[in-house]
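This report concerns only the one structure given below.
The values are calculated or read from the model by the stated rules, or taken from the named source; none is laboratory data. The model shown is predicted, which means the values in this text are computed figures rather than measured ones. Positions of Cβ are backbone-derived with ideal geometry, glycine not excepted, and every protein chain shown enters the neighbour counts.
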Amino acid sequence: MMSMVTLADGSVLDLSAWPLPEGAEDGVMNRVQLARAFSVSENTITKWISLGMPVLSDGQNGVAYEFQLSHCYAWRQDRDSKARAAKARGDQLAMQAALAFRNLDADQEEAEGGLTADELRKWSEAEFHRNRVDEQRRRLVRAEAVSRVFEQLLVLVGNTFDTLPDWAEVNLGLSVDQVAQLQSRCDLARAELRATIEADLLGPATVLPFAGAGRQEEMAL
């Protein structure tokens, strides 16, 4: 059994890196069967074909498309893995940029410029305690907590957007074109939602650095 498959874009897919789960038997399937195997709609299968999913034989002149299950499974796993890696890299770059941007603003820098070391220490400790009180009163929330909550919300919303077109096709009787339009709108909405949240979370105006007792912690509005 071959372990390498050349895709339409010329790249090579290593099937051995993504074997079928234990208990899943490989075989040739048509579009309907493959959609059932992956628990998605036929419209999603069409979309995946356009994205480069391997096809054994093209459907034409009344002949149905044919797919090798193991090829399609490996392609999907490889594609998802690359998407996760790209997101992780983007998140890393964003965090690096956010750290670089978290400098004192001009007014604060000027105000601290005339303070002695002892005055600066006392000012920092006072600022630290003010932020602690604001945290206890829920006027400030830790940046990591806010980021974690929004990430969980993005996963929840993303899963909803992923399944909504299939649900609408089955339960509302949408046409293939209508499902495709709904899928495109969901993809756009998810991208806009993530971009908006990340821009707000990583913007320098949303993070308040404060220090005390020899350490620095970060709070987010």
**OP:** Could you list all residues from segment 16-39 that are part of a helix (DSSP H, G or I) and either of a type in the set (Lys, Arg) or surrounded by fewer than 12 Cβ atoms within 10 Å (Cβ to Cβ) (or both)?
**Re:** SER16, ALA17, ARG31, ARG36
Original post:
Residues in segment 40-48: is at least one in contact with a helix residue (DSSP H, G or I) (Cβ under 9 Å, 6 or more places away or on another chain), at positive phi, at pLDDT 90 or above and not in a helix (DSSP H, G or I)?
Top reply: no
**OP:** Return a yes/no flag: does segment 132-151 have any residue that is modelled with pLDDT of 75 or more, of a type in the set (D, E, K, R) and either touching a Gly at 6+ places or on another chain (Cβ under 7 Å) or part of a helix (DSSP H, G or I) (or both).
**Re:** no
